[in-house]
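Structure first, then comments.
The values are calculated or read from the model by the stated rules, or taken from the named source; none is laboratory data. The shown structure was predicted, so the numbers you read here are calculated from the model rather than taken from an experiment. When we count neighbours, we look across all protein chains shown, and the Cβ atoms used for this are built from the backbone with ideal geometry, even at glycine. The protein model used for the area step is the full one, side chains on, heavy atoms only, and it has no ligands, DNA or RNA in it. Shrake-Rupley method; radii C 1.70, N 1.55, O 1.52, S 1.80 Å.
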Amino acid sequence: MAAVARTPRPAQAADRYDHRIAAAPWWANLRGAPGPATAVWAYDGRVPGPVLRVRQGTPVRIAVENRLDQDTTVHWHGIRLPFAMDGVPGLTQPPIKPGGRFVYEFTPPDAGTFWYHPHANSLQQIGRGLAGALIVDEAEPVDVDRDVLWMLADWRLTKEGQVAPGFGNAMEAAMSGRVGNTVTINGATPADQPVRAGERIRLRLVNAALARIMALRFEGHRPVVVAVDGQPCQPFQPEEHLLLLGPAMRLDVMLDMQGEPGRRYPVIDDFYDGLAYPLTHLAYLRQEPLRRSGSGGVSTLPPNPLPIPDLDAAERHELVLQGGMMGGDALANAGKMQGSGIWAINGVSMHGDGHAGMTPSLVLPRGTSHILALRNETAWWHPMHLHGHSFLLLSRNGSNVPHQQWGDTVLLAPWERVEIAFVADNPGDWMLHCHVTDHQVTGMMTILRVD
Ligand code: C2O
Ligand code: CU
């Protein structure tokens, strides 16, 4: 009898995907060969993980495989997607077990610069290298000479070049969080960045650090911000030409290369008092300028289909950020807070990376507009991130924020009060937390329910 041809099994939905990334232990040459390789955790053996490029308005399926020895998930930071795809363990999905796999499926509504990272054991998983850029391309290409990505990460390395232990130190958590000692661009301590006179670069900056805040100054250049957290704004030059990036924040800038061929210009990170350091250098090739006349003014990126909050009808809420070390008085507020948190929001500390049964602090009827005041009553900086939505930045300490800046993460200075507005149009229990991971996991987190 002839062999019976095997009927091919109809493809399971879960077998189809556009991208596949696997999280696994790996090695990385952060300091560049021939230095010692650092043991890391990586997506697809790369630090940062592969750049995922997807198209605005086109459905995408991304399979995530877990080859770590612990649970993981992936959060698509800044993408306005369905709740079940948000990657918070226990809250939006069961965690991906070791050896397991989960297929994320969503249609990115907004073009821009986003990123992905685990939302499980985040201190270690992000701190050991799990993070990558997710770029949603505009329907029509934006007119620039080059599109360049800098994924900025911050590592705490030992003398031997290995990731230092001591994640989750309580004293550190009560202060600035785990700030490292080695900043990398796209996974390597930066060498010079070759550029050509006359060219216009769209530079996508992503701060993927656990805790380090950056304030970048491009000596001799005038970067123009065209998008904040992926969302287009009215183009503007930042105050003092400093590009301020808290953890998880992104800036897209247009950079006209107006320097002289053959010269090098430092890019300085000048955030922490007295600790400025040159992050890298723009190194001009000895080449004719690409063009003589300059590229002309910078135009606005095409708008994303964001729901515009109705500020007159908006309901107002206030969330107060509390806790941390105050002027040497350790955990000053700890006694007033529920739970044993170092940090709290409105007196409540929620811990970890997410779990089932988190009680929302606000319930927002679907489709309604809200103005949320975030009041920082602590002596520390906090980049506050809201899942599932982008919000309009209204004011800082009572002054209007110009240039129509939207975001998913807003950086609050000590004692600062900011107001943001958004339409609660995406049903789910959405996290709002500090993206200094130490702060998040020790209490600076809450849930906003949209229903
Ligand atoms: Cu990028 Cu809940 O985080
Ligand atoms: Cu914080």
Taking the condition open to solvent by less than 10 Å² (accessible area, probe 1.4 Å), free of Cβ contacts under 8 Å to residues at least 60 places away in the same chain and assigned to a strand (DSSP E or B), does Trp115 pass? no
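Quick grid of which residues meet (1) open to solvent by less than 40 Å² (accessible area, probe 1.4 Å); (2) among the polar types (S, T, N, Q); (3) outside any loop (DSSP other than H, G, I, E, B); (4) modelled with pLDDT of 95 or more:
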| position | (1), (2), (3), (4) |
| --- | --- |
| Asp154 | yes, no, yes, yes |
| Pro165 | no, no, no, yes |
| Arg178 | yes, no, no, yes |
| Val183 | yes, no, yes, yes |
| Pro194 | no, no, yes, yes |
Test: Leu242 is open to solvent by 20 Å² or more (accessible area, probe 1.4 Å) and within 21 Å of the chain's Cα centre (by Cα): yes
I'm trying to understand the selection: among the residues of region 296-326, which are farther than 17 Å from Arg375 by Cβ and within 16 Å of ligand 2 (Cβ to nearest atom)? Met325
Subset of region 428-442, residues more than 9 Å from ligand 1 (Cβ to nearest atom), part of a strand (DSSP E or B) and not aromatic (Phe, Trp, Tyr), comes to Gly428, Asp429, Cys434, Thr442
Determine the pairs where a residue that is free of Cβ contacts under 8 Å to residues at least 60 places away in the same chain, located within region 418-447, has a partner that is among the charged types (D, E, K, R) and in a strand (DSSP E or B) with Cβ atoms under 6 Å apart, the partner being 6 or more residues away or on another chain. Val418/Arg396
Of the residues in region 45-66, how many are among the hydrophobic types (A, V, I, L, M, F, W, C) and free of Cβ contacts under 8 Å to residues at least 60 places away in the same chain? 4
Options Thr442, Thr437: the member that is within 14 Å of ligand 2 (Cβ to nearest atom), open to solvent by less than 10 Å² (accessible area, probe 1.4 Å), closer than 23 Å to Gln93 by Cα and among the hydroxyl-bearing types (Ser, Thr, Tyr): Thr437
Flagged pairs (Cβ under 7 angstrom, 6 or more apart or on separate chains; first in region 27-38, under 12 Å from Val163 (Cα atoms) and in a loop (DSSP other than H, G, I, E, B); second open to solvent by 20 Å² or more (accessible area, probe 1.4 Å) and of a type in the set (Val, Ile, Thr)) are Leu30/Thr189
Considering only residues of region 351-374 that are outside any loop (DSSP other than H, G, I, E, B), among the hydrophobic types (A, V, I, L, M, F, W, C) and open to solvent by 20 Å² or more (accessible area, probe 1.4 Å), which is nearest to ligand 1 (Cβ to nearest atom)? Leu362
Considering only residues that are of a type in the set (Ser, Thr, Tyr) and open to solvent by 70 Å² or more (accessible area, probe 1.4 Å), look in region 271-321 and name the one that is farthest from the chain's Cα centre (by Cα). Ser293
Here is a list of conditions, (1) open to solvent by 30 Å² or more (accessible area, probe 1.4 Å); (2) of a type in the set (D, E, K, R); (3) within 14 Å of ligand 1 (Cβ to nearest atom), and Asp425 meets all of them except one; can you say which number that is? (3)
Among Arg212, Arg222, Arg202, which is more than 25 Å from Ile79 (Cα to Cα), of a type in the set (Lys, Arg) and either in a strand (DSSP E or B) or open to solvent by 10 Å² or more (accessible area, probe 1.4 Å) (or both)? Arg222
Which pairs turn up if I take residues in region 371-384 that are more than 13 Å from ligand 2 (Cβ to nearest atom) and look for partners that are assigned to a loop (DSSP other than H, G, I, E, B) with beta carbon separation below 9 Å, at least 6 apart in sequence or on another chain? Ile371/Pro309; Ile371/Leu311; Ile371/Ala314; Arg375/Trp415; Arg375/Glu416
From Trp406, Trp415, Trp380, residue being at pLDDT 95 or above, in contact with a Lys or Arg (Cβ under 9 Å, 6 or more places away or on another chain), open to solvent by 10 Å² or more (accessible area, probe 1.4 Å) and away from ligand 1 (no atom under 14 Å from the Cβ): Trp415
Which residues, taken from region 240-298, are closer than 30 Å to Gly177 by Cα and part of a loop (DSSP other than H, G, I, E, B)? Gly246, Pro247, Ala248, Met249, Asp270, Phe271, Tyr272, Asp273, Gly274, Leu275, Ala276
